[in-house]
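Heads up, the thing below is written out as structure tokens.
The values are calculated or read from the model by the stated rules, or taken from the named source; none is laboratory data. What you are looking at is a predicted structure, and each value in this text was computed from that prediction instead of being measured. As a convention, Cβ positions derive from the backbone with ideal geometry for all residues, glycine included, and neighbour counts pool all protein chains shown. Only protein heavy atoms, including side chains, enter the accessible area calculation; ligands, DNA and RNA are left aside. Shrake-Rupley method; radii C 1.70, N 1.55, O 1.52, S 1.80 Å.
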Amino acid sequence: MREVKLETYAENTWCKGCGNFGILSAFTQVLKELQDQGLPLESIVIASGIGCHAKIVDYINVNSFYSIHGRVPPTITGIKLANPNLTVIGFAGDGDAYGEGISHLLMSAKRNIDITMVIHNNQVYGLTTGQFTPTSPLGFTGRSTPRGSIEEPINPLEIMLASGATFVARCYSGKLDHLVEVMKQAITHKGFAFIDVLQPCFTFFNTYKLYNQATYVMDDHDPSDLESAYRRAREWQGQAEAKIPLGVFYKVIKPTFDEKLRRGKAPAHDKGVPDIASIVKPQR
Amino acid sequence: MPDYSFILAGKAGDGIRQAGALLAHLLARLNYRIYFWDDYPSLIRGGHNFSMIRASDYPVQTFADEVDVVLALDEFGAQEHGRRLKSSGYLLYDSDGFKAEGIGIGLGSIVKRLGGKPVMRNVAAVGAISALVGISWENVESVVQGLIRRDADLNLRIARAGFEQVTEARMKVERLDDQPLPLLQGNEAIALGAARAGLKLYIAYPMTPASGILHFLARYEDELGLVTYHPENEIAAVITAIGGAYAGARTMVGSSGGGFALMTEGVSLCAQSETPVVFVVSQRPGPSTGVPTYTMQGDLHFVLNSGQGDIVRLVVAPGDPDEAFVWTAHAMNLAWKYQISAFVLTDKNLSESTYSFMSRGDEVGWEEPKLWNGQGEYKRYLMTEDGVSPLAFPGTKNVTVKATSYEHDESGITTEEPDRIRAMQAKRLKKRGYLVRELSSMETVKVHGKRDARVALVCWGSTKGACFEVADRLDLKVIQPVVLEPFPAQMVKEALEGVSRIIGVEVNSTGALCRLMSCHGISVDEQLLKYDGRPFSVDELLRSVSQVIS
Ligand SMILES: Cc1ncc(C[n+]2csc(CCOP(=O)(O)OP(=O)(O)O)c2C)c(N)n1
Ligand code: SF4
Ligand SMILES: [Mg+2]
């Protein structure tokens with residue numbers, strides 16, 4: 001079946017031990033499985049922002065748009081609006097999606113556009129060498145906060161639930177099989193799908209120990225129950241001692257924005273040139 | 001030469017714009033050439049509004065200082081505009097509201113008697129003006145029926161009652177022996193030009209004076225076969241447009257200076273990723289929020305220089321709806337041909353004023369870009385003779401389309417190698433040379449007026465309207481570059497042969513075009529600059545130019 005190579009010739013420049021490797025191999029696995037299920041590889045488009053996470057598009061041999069900092073959601077929104085046959089997946093950093101571009105993330109969830117957003121949440125700016133992000137814990141010492149961050153972190157899951165996302169999940173790059181499973185569900189979900197992936201930054205914020213000890217996969221949660229989803233999402237607000245639930249917190253099916261907006265049109269394929277005479281005519 | 005001017009004035013919310021549109025269409029129906037300036041403050045209620053309409057057998061594109069009729073729905077309007085009346089002119093006013101020196105008509109009581117809403121005084125007023133200037137009831141009837149759908153019968157009865165209040169015509173606006181022309185605002189012409197060249201996705205966040213494009217396209221989505229989208233902000237707008245174009249759809253965004261400021265990261269992304277997008281920038285007085293509903297030509301250098309890095313771009317500045325129609329279509333086709341961003345620079349005056357539209361509508365259409373021929377391995381940034389890499393879109397079998405904001409190799413993989421960096425930038429810059437060559441066979445510079453005149457007015461954008469008319473009256477020449485980047489310096493210089501005096505005319509405070517020309521070794525002798533938010537009236541420019549050349 002699969003004769004296409006999924007890797008590119010690009011040299012991988014992530015640090016040894018980086019959590020991004022887990023996300024890359026999980027996604028590669030997902031691509032293989034989706035292909036085996038009959039999804040043509042050429043109908044997949046991935047996009048990324050700017051940061052360590054974003055290099056992922058250089059490492060995978062599929063259609064991609066290496067976009068700019070914070071702008072992954074509008075990039076893939078444009079792609080999806082233009083061609084409804086494409087399956088679009090965005091990879092963004094926590095600085096990227098929760099800082100620079102949070103308005104786009106919220107509004108994409110609110111609209112329920114049929115895209116998937118995978119956030120590489122390492123609680124730090126990796127590429128710019130270790131500053132605090134919206135998800136860094138209180139007191140985080142980085143180069144821009146040498147006396148410790150004075151801000152409480154945000155809870156991305158709560159924000160996504162409140163924004164109307166129709167698929168909300170959390171994974172850990174160190175739990176590969178679970179990540180593959182949830183990613184597949186997210187990509188095949190019709191509507192806005194969001195996964196916050198806990199991704200240790202080996203170099204600037206090594207959280208392996210915490211995540212290995214604290215994360216657990218929920219097995220007693222009903223993802224159709226929004227109230228319960230909020231409760232489970234609040235179990236971990238960034239504090240060091242809490243348990244960190246993983247899994248699908250919420251899932252619901254609603255009409256998608258792109259279908260409602262396009263009303264049957266396909267901007268990338270429609271080729272007609274309109275006759276404007278019926279619109280522009282002298283007053284009779 | 002027949003040349004009539006009207007002012008219809010009232011408070012915001014009085015339906016002044018609609019009254020203006022009715023009168024403009026009435027005059028267009030009598031085969032007049034129309035210019036209609038819609039003057040309104042950035043408020044919904046309480047401010048003062050007026051419509052200024054000029055109708056002539058000459059293709060007028062600006063207003064005159066003196067007017068034949070003022071119709072005032074409020075006392076302020078009567079006072080403010082009454083002084084602009086010619087000695088032979090008439091003031092019509094609503095005598096139910098106040099007293100003034102002129103012809104009072106109880107517009108308020110007409111509406112009340114017939115059970116209309118207060119805003120319908122505007123239709124009664126149009127009836128009254130028509131009777132005053134000798135336009136027949138049949139004309140009024142068909143224009144009101146053609147333009148007003150809601151409460152059509154009631155509006156017609158109110159118009160009739162207004163018409164009957166004026167028992168004697170004081171002037172006679174004769175039907176001209178000419179073709180009737182449709183009326184169009186610049187924004188509508190931009191929208192239609194883009195649609196003819198294959199626009200399929202228009203994305204904009206509302207901002208005066210560009211919003212008209214969004215409103216028009218949203219209304220005619222189905223007729224024009226496209227999708228419109230109003231996202232969370234201008235950054236989202238431009239980035240969505242880039243995503244759409246990458247996937248193969250022709251996209252356009254539009255805003256004014258403040259919104260365009262937010263889009264500049266997208267300008268740069270278009271350049272690096274070689275993604276074609278058309279940007280409409282409709283100028284208003286700045287800096288910052290400035291004066292939202294008035295006009296200025298202050299953003300030329302901002303647009304020319306927007307976006308970090310060395311960028312190949314096309315900037316066109318049409319001067320009227322016909323140019324806006326044709327040049328927006330060219331902008332779209334050229335953007336796709338060269339995989340660059342193209343800018344349509346307009347202003348409040350062109351965007352929101354209404355003009356007679358002469359184009360048939362089929363002058364422009366879709367032009368095919370350079371597409372991949374399906375041979376060999378696809379490389380998004382393949383090196384080619386003209387710097388243009390063939391396009392393929394995601395979804396194509398056996399093709400991987402990798403676009404990027406980073407410097408990259410031919411396949412679209414990030415690079416930091418010095419040779420590749422230089423080669424890729426050189427590749428992108430190459431496109432400019434081919435674009436220049438293509439533009440050299442197009443009418444990138446409009447030359448108007450007396451060919452061998454010694455004095456030339458140089459202008460751009462909507463300021464051409466006043467310049468053309470003044471040049472015709474004073475036997476001068478007008479040179480109007482429509483393309484501002486790549487600047488057609490050679491053509492401007494050719495047009496300037498035999499000219500000994502160059503007068504720059506612009507609606508801004510620093511002479512943006514004059515500065516641009518000086519970069520190309522052309523210096524103007526005089527500058528006539530206006531920057532109070534209003535365009536030049538024909539009389540005002542006539543006086544200024546006469547003074548300079550006397
Ligand atoms: C508009 C803009 N601002 C700032 C930067 C510099 N910058 C590059 S990556 C980055 C932060 C990346 O952090 P994150 O999104 O968390 O990605 P990570 O490197 O951690 O994967 C910043 C601020 C930029 N590229 N663009
Ligand atoms: S800096 Fe951190 S996130 Fe970036 S590659 Fe290294 S380990 Fe990974
Ligand atoms: Mg990060």
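Could you list, in sequence order, the residues of segment B:289-309 that are of a type in the set (A, V, I, L, M, F, W, C) and open to solvent by 30 Å² or more (accessible area, probe 1.4 Å)?
B:VAL291, B:PHE302
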When you scan segment B:375-399, how many residues do you find that are within 13 Å of another protein chain (Cβ to nearest Cβ) and either open to solvent by 70 Å² or more (accessible area, probe 1.4 Å) or farther than 18 Å from A:PHE65 by Cβ (or both)? 3
Output the qualifying pairs, or none if there are none: Cβ atoms under 6 angstrom, residues six or more apart or on different chains, first residue in segment A:105-134 and closer than 30 Å to A:ILE253 by Cβ and open to solvent by 10 Å² or more (accessible area, probe 1.4 Å), second residue modelled with pLDDT of 95 or more and within 16 Å of ligand 1 (Cβ to nearest atom). A:PRO134/A:TYR98; A:PRO134/A:GLY99; A:PRO134/A:ILE154
Out of (1) polar (S, T, N, Q); (2) facing another protein chain (nearest Cβ under 10 Å); (3) open to solvent by less than 10 Å² (accessible area, probe 1.4 Å), what's the single condition that is false for B:ASN187? (2)
Here is a list of conditions, (1) in a helix (DSSP H, G or I); (2) more than 30 Å from B:SER5 (Cβ to Cβ); (3) open to solvent by 10 Å² or more (accessible area, probe 1.4 Å), and B:ARG160 meets all of them except one; can you say which number that is? (2)
It is to be established whether one or more residues within segment A:36-54 are modelled with pLDDT of 95 or more, within 18 Å of A:PRO156 (Cα to Cα) and not polar (S, T, N, Q). yes
Name the residues in segment A:68-83 that are within 7 Å of chain B (Cβ to nearest Cβ) and in a helix (DSSP H, G or I), would you? A:PRO74, A:THR75, A:ILE76, A:THR77, A:GLY78, A:ILE79, A:LEU81, A:ALA82
Condition broken by A:SER64, with the remaining ones in (1) free of Cβ contacts under 8 Å to residues at least 40 places away in the same chain; (2) open to solvent by 10 Å² or more (accessible area, probe 1.4 Å) satisfied: (2)
Subset of segment A:233-265 that is more than 25 Å from the chain's Cα centre (by Cα) and closer than 30 Å to B:LEU199 by Cβ - its residue that is most open to solvent (accessible area, probe 1.4 Å): A:ARG263
Working only within segment A:24-61, note down all residues that are among the polar types (S, T, N, Q) and surrounded by fewer than 24 Cβ atoms within 10 Å (Cβ to Cβ). A:SER25, A:THR28, A:GLN29, A:GLN35, A:GLN37, A:SER43, A:ASN61
Regarding A:ALA214, is this residue more than 16 Å from ligand 3 (Cβ to nearest atom), within 16 Å of the chain's Cα centre (by Cα) and not aromatic (Phe, Trp, Tyr)? no
Could you go through segment A:38-48 and let me know if any residue there is aliphatic (A, V, I, L, M), assigned to a helix (DSSP H, G or I) and in contact (Cβ under 8 Å) with a residue 60 or more places away in the chain. no
Give the residues of segment A:266-283 that are open to solvent by 80 Å² or more (accessible area, probe 1.4 Å) and within 7 Å of chain B (Cβ to nearest Cβ), sorted by residue number. A:LYS281
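The rows are residues; the columns are (1) open to solvent by less than 10 Å² (accessible area, probe 1.4 Å); (2) within 12 Å of chain A (Cβ to nearest Cβ); (3) of a type in the set (S, T, N, Q).
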site: B:GLU232; (1), (2), (3): no, yes, no
site: B:ILE235; (1), (2), (3): no, yes, no
site: B:GLY243; (1), (2), (3): yes, yes, no
site: B:ALA249; (1), (2), (3): yes, yes, no
site: B:GLY257; (1), (2), (3): no, no, no
site: B:MET263; (1), (2), (3): yes, yes, no
site: B:GLN272; (1), (2), (3): no, yes, yes
site: B:THR275; (1), (2), (3): yes, yes, yes
Hey, does segment B:512-529 have a residue that's in contact with a His (Cβ under 9 Å, 6 or more places away or on another chain), crowded, with 16+ Cβ neighbours inside 10 Å and part of a helix (DSSP H, G or I)? yes
So, A:ALA186, is that one assigned to a loop (DSSP other than H, G, I, E, B), hydrophobic (A, V, I, L, M, F, W, C) and modelled with pLDDT of 95 or more or not? no
Scanning segment A:6-23 for residues that are among the polar types (S, T, N, Q) and either open to solvent by 60 Å² or more (accessible area, probe 1.4 Å) or part of a loop (DSSP other than H, G, I, E, B) (or both), which turns out nearest to ligand 3 (Cβ to nearest atom)? A:THR13
Taking segment A:95-136 only, how many residues are within 14 Å of chain B (Cβ to nearest Cβ), part of a loop (DSSP other than H, G, I, E, B) and within 16 Å of ligand 2 (Cβ to nearest atom)? 1
